[in-house]
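Everything below concerns the one structure shown next.
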2 protein chains.
Amino acid sequence: MINRSDLVALDSRDPLAGRRDMFVLPEGVIYLDGNSLGPLPASVPARMEDALRRQWGRDLIRSWNVNGWIDLPARVGARIGRLVGAEDGSIISADSTSVNLYKLVCAALALNPGRSTILSDTGNFPTDLYVASGAAELMDKGVRLMVVPPEDVEASIDAETALVMLTHVDYRTGRLHDMASITARAHAAGALVLWDLAHSAGALPVDLAGCRVDLAVGCSYKYLNGGPGAPAWLYVAPRHQAAARSPLTGWLGHAAPFAFDLDFRPAEGVGRFICGTPNILSLVALDAALDAFDGVSMEQVRDKSIKLGDLFIALVDQRCGDLGFTLGAPRDGRSRGSQVSLRHPEGYAIMQALIAREVIGDFRAPDVLRFGFCPLYARYTDIWDLTEHLLQVMLTREWAQERFQRRAKVT
Amino acid sequence: MINRSDLVALDSRDPLAGRRDMFVLPEGVIYLDGNSLGPLPASVPARMEDALRRQWGRDLIRSWNVNGWIDLPARVGARIGRLVGAEDGSIISADSTSVNLYKLVCAALALNPGRSTILSDTGNFPTDLYVASGAAELMDKGVRLMVVPPEDVEASIDAETALVMLTHVDYRTGRLHDMASITARAHAAGALVLWDLAHSAGALPVDLAGCRVDLAVGCSYKYLNGGPGAPAWLYVAPRHQAAARSPLTGWLGHAAPFAFDLDFRPAEGVGRFICGTPNILSLVALDAALDAFDGVSMEQVRDKSIKLGDLFIALVDQRCGDLGFTLGAPRDGRSRGSQVSLRHPEGYAIMQALIAREVIGDFRAPDVLRFGFCPLYARYTDIWDLTEHLLQVMLTREWAQERFQRRAKVT
């Protein structure tokens, strides 16, 4: 039997406990939706004020040079690179995850022509599937998207597979793919791999270089806490950089953008995947947000993340065992990202009732309650308190109130 | 002969004079580069602080609903729409100009198949040409980009033209295309038109609906003052919205993004051209910046813009006539955007010397000194003072100093 006092003790011994002060978390809120939108890092407002008043307001156009705006996509990319095991000069931060996916799907199909399928799975985030279909349709080379259940991915890779495109951590279940194994299997069959690390970067160790991953994209507003709609990022392995071409040939991917040539010549390296003018204010916020990872190892983060998830599962078993919940996530922490999902037929209303109590997770249709555990600010006692609120919501049937039954536009 | 006192009088009678207080302009700086990066609107820092601390920090993920984040691309788009004569519901603000160009070039080629050329001109901004070539190449339907001198555009439109793609105001010379005439000529030949309004929106009246323009894109960090790399915007005429398809089929262009279907179904209307998650912090800055246009008519802006440009040309004639400058812009204000360019073999060094005096324009290779005149904050006396500094730089040969001869990375 676990008691709350055990968790107070765990918090007091937690080597990451001090990191919580690097975030602005509203009093009384238990925030478990950092896998959808990370909270405000405390460093962001002052850095934004500086970017607004000194850099934009005072230095004006000169800031492209004197304040290094022009290098921000690469500089922020390098900081993300450390968190995902990327080689130097292989990541830029720019555009949205969807736009970056498009660039890399098109690049991959051109790098590996003469094959007929992009292989993905039903656990992928829908935008990945939409973007890959859209790209294949526009290129019109007879390539089609094949979508199989997650457990069938490895067996479905064959000589017709041009690209294996997967999200590492399933956004609903938290199920973690084996990046090393799938990548090796794809390469053995002559396929390229493109990993979407939306729910991985900042949540668990990733070894892009060690796994010999070809291409990757990721989101910066979840575990990286870069702010709503923060610029996403993309990775191109150094061995592909000379041959890989972006379909989005914007001026800042040009070898000499300020020569204003009429013809496009791609920049050296991953910089050719920059397209338009980078969004400086959002990059400044993301850059500041990444300070929270300075001096932290992803192994430390992973260790606490698994403990938080295991604790939640144990507490649900111990305290909510007969309330109709089923576990919607792998029980083994090593097979799970940094979230735990529960399933319940009344999941939507239950989540609304929790949110009304300022316990903020989110809901994904048809019946998934998602709880993200971010080790930089989540406490072990938060998990106890979450379970307590969940228990109260169920015992009082608070969720059955009419106001919790109405579906909002964004759930 | 014009005297400075005449201009003091003009400033005192200027109906737009009060707008200058809506911008943060550093003491002593004469800012004439708002056609590259508009200055900081005074309303932005407080609005950003609210977006950071209250919306992101306190309301967290709930802000997508309670603070209307999800509607920002359409809401900001509607405000830009008023400035460019667009129908309701025909503009969204998202992504970069380059990415939006790509979406619309692909959409146009699909709307008007069976023709072999995209027609553009040598006065277009290079990214437009790069993006159009890239899109045509990827689609691989035998469409090629044809680039002619600006004056040959109308005569080059023929039965093979799928799309006429032009920038309304030339970024170097300020030369203004006749939107109504070219659009009519294109339609008569069965071609579609795509106008890039990067140097038009917020600078002069545009009548997208009245000219029956098909497609348009624009930049928000020049005359709209949205901040460095602010989200761009795109326009799709209502009559094309049902048939036009974006190649970038990201989840927020889906008819029901939160249903998480595995197949893409485009949203109704121009919203289908949204791709990934919108960049909220940058949209908030842009939204605040647009307040500076509330209650101002674009005819008022145009009237002052032409007067400022004409004044500069007259003063250069009067005071700098024998210093080696040639006019790099149309002399007739009606054929010119809101900038005036001068050409000089030592243009680069002369501009550096002006910038050292805090008179900020910019330089475009090989010999163009650009001066942008934004009627919301430029004063008639600024034009006198600009000319005075230019005269001093030339008379003292300040530009010949070694420090002004070195080329910086971004010019």
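Read-outs throughout are calculated quantities, based only on the coordinates presented, and are distinct from any laboratory measurement. Bear in mind the structure is a predicted one, so any value in this text is a computation, not a measurement. Virtual Cβ from ideal backbone geometry, glycine too; neighbours counted across all protein chains shown.
Using the count of nearby Cβ atoms within 10 Å as a rough guide to exposure, how do A:211, A:374 rank from fewest to most?
A:211, A:374
If the reach is capped at under 15 angstrom between alpha carbons, list the aspartates and glutamates near residue A:141, excluding any in the same chain fewer than eight residues apart.
Partners within reach: A:160, B:137, B:140.
With a 10 Å Cβ neighbour count serving as the proxy for reagent exposure, in which order, fewest first, do A:141, B:222, B:304 appear? It would help to have the intermediate numbers written out before the result.
Details: A:141 14, B:222 28, B:304 22.
So the residues, fewest neighbours to most, are A:141, B:304, B:222.
Taking residue B:222 as the anchor, which lysines have their alpha carbon closer than 24 Å to its alpha carbon, excluding any fewer than eight residues away along the same chain?
Partners within reach: B:103, B:304, B:307, B:409.
Can you give me the long-range amide H partners of residue A:30? Hydrogens built in the peptide plane at 1.01 Å from N, cutoff under 5 Å, separation of 5 or more residues or another chain.
A:359, A:360
What's the exposure ranking of A:264, B:258, going from fewest to most Cβ atoms within 10 Å? Don't jump to the answer; show the numbers that get you there.
Values: A:264 22, B:258 18.
Taking fewest neighbouring Cβ atoms as first place, the list is B:258, A:264.
Give me the distance in nm between label points sitting 7 Å out from Cα along the Cα-to-Cβ direction at residue A:401 and residue B:75, one decimal.
The answer from the label model is 2.7 nm.
Indicate, rounded to the nearest 5 percent, the antiparallel portion of the DSSP beta bridges found entirely in the protein assembly as shown. Mind showing how you got there, number by number?
Details: 44 of 80 bridges.
So the antiparallel bridges amount to about 55 percent of the total.
Write down the percent of antiparallel bridges among all DSSP beta bridges whose residues are both part of region A:171-322, to the nearest 5. Walk me through the intermediate numbers first.
On the way: 5 of 8 bridges.
So the antiparallel bridges in region A:171-322 amount to around 60 percent.
Can you compute the helix-only [θ] at 222 nm over the protein assembly as shown? Use -39500 (n - 2.57) per DSSP H run of at least 4 residues, normalise by all residues, nearest 500 deg cm²/dmol.
On the way: 26 runs with 276 residues, N = 822.
Helices in the protein assembly as shown give a 222 nm mean residue ellipticity of -10000 deg cm²/dmol.
Treating the point 7 Å from Cα along Cα-beta-carbon as the label, what are the nm separations from residue B:317 to the other copies, to one decimal?
Taking the point 7 Å beyond Cα along Cα→Cβ, the inter-copy spacings are 8.9 nm.
Express as a percent, rounded to the nearest 5, the fraction of DSSP beta bridges in region B:68-293 (both residues included) that run antiparallel. Please report the intermediate quantities before stating the final value.
Numbers: 9 of 25 bridges.
Percentage antiparallel, nearest 5: 35.
One decimal, nm, shortest first: give the distances between the label point of residue B:345 and those of the same position in the other copies, each label point 7 Å from Cα along Cα→Cβ.
Label point to label point, same position, other copies: 8.8 nm.
Which residue fluctuates most in the GNM of chain B (Cα springs below 10 Å): B:111, B:286, B:197?
Evaluated over chain B, the most mobile residue of the options is B:111.
Can you list the distances in nanometres, one decimal and ascending, from the residue A:265 label point to the identical position in each other copy, with the point 7 Å along Cα to Cβ?
4.9
With r as the distance between the Cβ atoms of residue A:5 and residue A:140 and R0 = 60 Å, compute the FRET efficiency 1/(1 + (r/R0)^6) and round to 0.05. Please report the intermediate quantities before stating the final value.
Numbers: r = 64 Å, r/R0 = 1.07.
Once rounded, the FRET efficiency stands at 0.40.
In whole Å, what three semi-axes, largest first, describe the equivalent ellipsoid of the protein assembly as shown built from its Cα gyration tensor (square root of 5 times each eigenvalue)?
On the way: eigenvalues 462, 179, 118 Å².
Its equivalent ellipsoid spans semi-axes of 48, 30, 24 Å.
For a bin width of 5 Å, list the pair-distance distribution of region A:68-293 built from all Cα-Cα distances, rounded to whole %.
Each 5 Å bin holds this share of Cα pairs: 1, 7, 16, 20, 21, 17, 10, 5, 2, 0, 0.
Rounded to the nearest 0.05, what FRET efficiency is calculated for residue A:385 and residue B:151 with R0 set to 51 Å and r the Cβ-Cβ distance? Let's see the in-between values first.
On the way: r = 72 Å, r/R0 = 1.41.
With a Förster radius of 51 Å, E is 0.10.
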